[in-house]
Amino acid sequence: MAEGDVVTMDKIVSLCKRRGFVFPSSEIYGGLGSSYDYGHYGVLLKNNVRNQWWRSMLQERDDVVALDSAIIQHPRTWEASGHLAGFTDPLVDCRTCKLRFREDHLAQSACGRKPSKHPGETPECDLTEARDFNLMFQTTIGPVQEEGSTVYLRPETAQGIFLNFKNYLQFSRKKPPFGIAQIGKSFRNEITTGNFIFRMREFEQMEMEFFVPPAEAQQWHQHWLSERMNWWTTLGLRPDHLRLRPHDADELSHYSSATSDVEYLFPIGWSELEGIANRGNFDLTQHAEFSGQKLEYVDTATGDRYIPHVIEPAAGVDRAMLAFLVDAYDEDEIEGEQRTVLRLHPTIAPVKVAVLPLVRKDGQPELATEIFRDLRERVQAEYDEGGAIGRRYRRQDEIGTPWAVTVDHQSLEDRTVTLRDRDSLTQVRIHIDELGEEIENRLRHPWRSPKLGA
Ligand code: ATP
C-alpha cells in the first residue's frame, strides 16, 4: 500500500459490516466461501457505479446499445467459446494437509498446517501433479437429472452479446463500429478465494463488445484504453493508484491478440480491476461455425462483407466497489476525536445529503422533515434525529455522505440552515429555498480526492 495510507482490508471489511454495505452471505449458517450479500448502503453504492457505467456507455455516446441476456445459455455456447475445454485452473492437492491449491498461486497460498507455510515449502508438503479444473458451475435443465441436459451458469456476460449479434444488426440500425453493453451476474467456481469482494464465486460484470472493421481494431483498442482509464479517474480514483498493464504474450487468453489490464493498488497490491482486450474475430467465427448461422456484416451500399473484430472492456462491479471504498477510506481527527470517513466521489456516494435537527423538540424535527421531503425529490437523502449531533455526523461520514443539513433554533426564525461539507468540514448558512439547487450545483462540480493533497 502507498506510504501514509491508513486503509487495510480488515478496516474495509469491518466498516462494510458495521455500516451495512456488505455482509458475509449465509452468515447464520457459518457463511458460504466467497459469497457476499450487499446491504442497504452497498446496494445504493452499487446502483450508482452501474448507473455511471451505463451513463458513459449509453447516454454520453451514440454508438453503444444495451442488452440483458439470460444467465443460462445453450450449452453449445461454451463449446464454441472455448470455455468447456479451456476455462480451467491448474490445481494441485497436498496429500499431507489435504488442501487444494492453484498451481500458479502457490506463492500466495497458505497451507493448512500450523504454523502455516506456502504449499511445497517444507519437506513434509506432498503435492500431486497439477490437474485442470473447470471453473464453470454446472446444473441440469429438465425434471430428471439423468435425462436432462447439462447446462452452465455463465462465467462471463460477453457470450450473451455474441449470441445476439445478428438480432442487433437487424433491429438497432447500427453498423460497425458499434457496441453492445451488458451488466449482469457471472459465476466462477474459484479455488483461490479470500480478499473479500475482490474474488467471489458469484459476481457482477460490466462488459461491452465493440464491433469494428478489422483494419480499425488497433485504433479502437487504444480508444477504449483511454476512455476506460478516464472513467475510473473521473469517478475519483487517485491516478497514482491506477495503471494500465499490457499482458505479456504468454498471459494472453486463447482469443486475444492484445489485452491490457487496468490495475488498482489495493491493500493486497496491484491487481486487476478491468481487462480491455482485442478479441479479433474469434468469438463470431466460432459461433458461426457451431451454429451454422452467418455472423457477418454486409454493407448494403458497397456489397462488402466481413466478420467484425471486437474490442472488449470488461470490468467487475464488485471489484469496482472495493476500489472505490479503499480509495475513499480515510481517518482524521476532529476536536481531539478520531473520525473514520469515506471520501467517496459525491456522484457515487450512497446518500448525497443527510437532514438533521439539532434537537428533537421546539419544532425542529417538523421543519427538518419538511426539508427532507423536498430534498429527496431531487437526490438520495436521509433523515436522522436520533442521538447526539456529533455522532450523527460521524455516522454520515462513515457512509460517505458528502453534505449534511442541520436545522437549529435560528432555522425556525429565519428559515436558514447550516450546510456541512464532509471533506472540508466547512459549514455555511443557507436559506431553505436555495438548498436543493445548491446541492445539485455541487453535484455537478468536478471533484478531486482530498487524499491527493492540495
Ligand atoms: P483474474 O485474473 O483476477 O481471475 P480475469 O482476468 O479472469 O480475473 P476477466 O475474465 O477478464 O477476469 O473478467 C473481467 C473482470 O471481471 C475482471 O477484471 C474483474 O473485475 C471481474 N472478475 C473476474 N473474476 C472475478 C471474481 N471471481 N470475483 C469478482 N470479480 C471478478
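Values in this text are rule-based calculations from the coordinates and carry no lab data. Small disclaimer: the values here were computed from a predicted structure and weren't measured. Cβ: placed from backbone, ideal geometry, glycine included. Neighbour counts: every protein chain shown.
Given N residues in the chain, what is its alpha carbon radius of gyration divided by 2.2 N^0.38 Å?
1.13
Rounded to the nearest 10 degrees, the inclination of helix 364-375 to the longest alpha-carbon principal axis of the chain is 40 degrees. The angle separating the long axis of helix 282-291 from the principal Cα axis of greatest extent in the chain is about 60 degrees.
I want to check the label-to-label distance for residue 361 and residue 133. Put each point 7 Å from Cα in the C-beta direction and report it in nm to one decimal. My value for the distance between the label points is 6.4 nm. Dipole check for region 351-448: with +1 at the C-beta of Lys and Arg, -1 at the C-beta of Asp and Glu, and the Cα centre as origin, the magnitude is about 460 Debye. Taking a straight Cα-Cα cut-off under 23 Å and skipping sequence neighbours fewer than 8 places away in the same chain, the lysines within cross-link reach of residue 98 are 114, 117. Find which of 363, 387, 410 sits farthest along the positive direction of the dipole of region 351-448, computed with +1 on the beta-carbon of Lys and Arg, -1 on that of Asp and Glu, about the Cα centre. Farthest towards the positive pole: 387. The GluC sites (Glu not before Pro) found in region 179-271 include none that occupy coil by DSSP while having at most 13 further C-beta atoms within 10 Å.
Inter-part distance, region 74-103 to region 382-454, computed on C-alpha centroids, equals 51 Å. Taking the Cα centre of the chain as origin and assigning +1 to Lys and Arg Cβ atoms and -1 to Asp and Glu Cβ atoms, the resulting dipole is close to 500 debye.
The angle separating the long axis of helix 9-18 from the principal Cα axis of greatest extent in the chain is about 60 degrees. At 10 °C and 1.306 mPa s, grab the translational diffusion coefficient of region 351-448 from Stokes-Einstein with a Kirkwood Rh over Cα pairs, rounded to a whole number in µm² per second. Result for D is 120 µm²/s. Here's the list of lysines a cross-link from residue 17 could span, going by alpha-carbon distance under 18 Å and ignoring same-chain residues fewer than 8 apart: 46. Calculate for the chain the 222 nm mean residue ellipticity that helices alone would give, adding -39,500 (n - 2.57) per DSSP H run of length 4 or more and normalising by residue count, nearest 500 deg cm²/dmol. Calculated at 222 nm, the ellipticity per residue is -8500 deg cm²/dmol.
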